[in-house]
Amino acid sequence: MAFTLCNGYSSRISAAIMFYSPDTCGGEGQSFEMMGWWNIEPGSCALVYANDLEDLNRYWFYFAHSSDGAVWSGTYGASVPSEAFDQCYGIGVNPGEEIGFRLLDIGDNDDYTLTFTP
């Protein structure tokens, strides 16, 4: 049971995730936890969450950018640090990097692998 990010792109990518986590980030964190940055080389994968996904939530969010400028983003904005992080949404980043997370519906899967492609 896990969430894995794989790099099917030709350059190294850096990725972040956000997910519903009321036990960890309720209140000021608006019930969402954010984690990043995993640096993933072409053809490699990173385990980013090692628990049962569907039991937590079927909707996850991700963002990634590559060393050559490609971006995988969406409309769910957040401010995150430029270094590795594990924090609640909207807490402790001043100033941070503004990114847009993309929504991912994993359905009823306990495991999910997302591969970044061109």
Separation of the Leu103 and Thr75 label points, Cα + 7 Å toward Cβ, nm: 0.8
Point-to-point label distance, Gln30-Glu83, nm (Cα→Cβ direction, 7 Å offset): 2.5
Glu54 versus Thr115: modelled label distance in nm, points set 7 Å from Cα along the beta carbon direction: 2.2
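Between beta-carbons, use under 12 Å as the cut-off and find the net charge around Phe85, counting Lys and Arg +1, Asp and Glu -1.
Working: positive: none; negative: Glu33, Glu83, Asp86, Glu97.
Local charge sum for Phe85: -4.
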Relative exposure of Ile106, Ile40, judged by other C-beta atoms within 10 Å (fewest first): Ile106, Ile40
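Can you give the relative contact order of the chain as a percent, counting alpha carbon pairs under 8 Å and 6+ residues apart? Could you put the intermediate results ahead of the total?
Numbers: 295 pairs, mean separation 42.9, N = 118.
Relative contact order comes out at 36 percent.
For Met18, what charge total do you get from the other residues with a beta carbon under 12 Å from its beta carbon, if Lys and Arg give +1 and Asp and Glu give -1? Walk me through the numbers on the way to the answer.
Values: positive: Arg102; negative: Glu33, Asp86.
Neighbourhood net charge equals -1.
Quick note: the coordinates plus some simple rules give every number you see, no bench work behind them. In this text, all values refer to a predicted model and were calculated from it rather than measured experimentally. With ideal geometry, Cβ positions are generated from the backbone for all residues, glycine too; neighbour counts draw on all protein chains shown.
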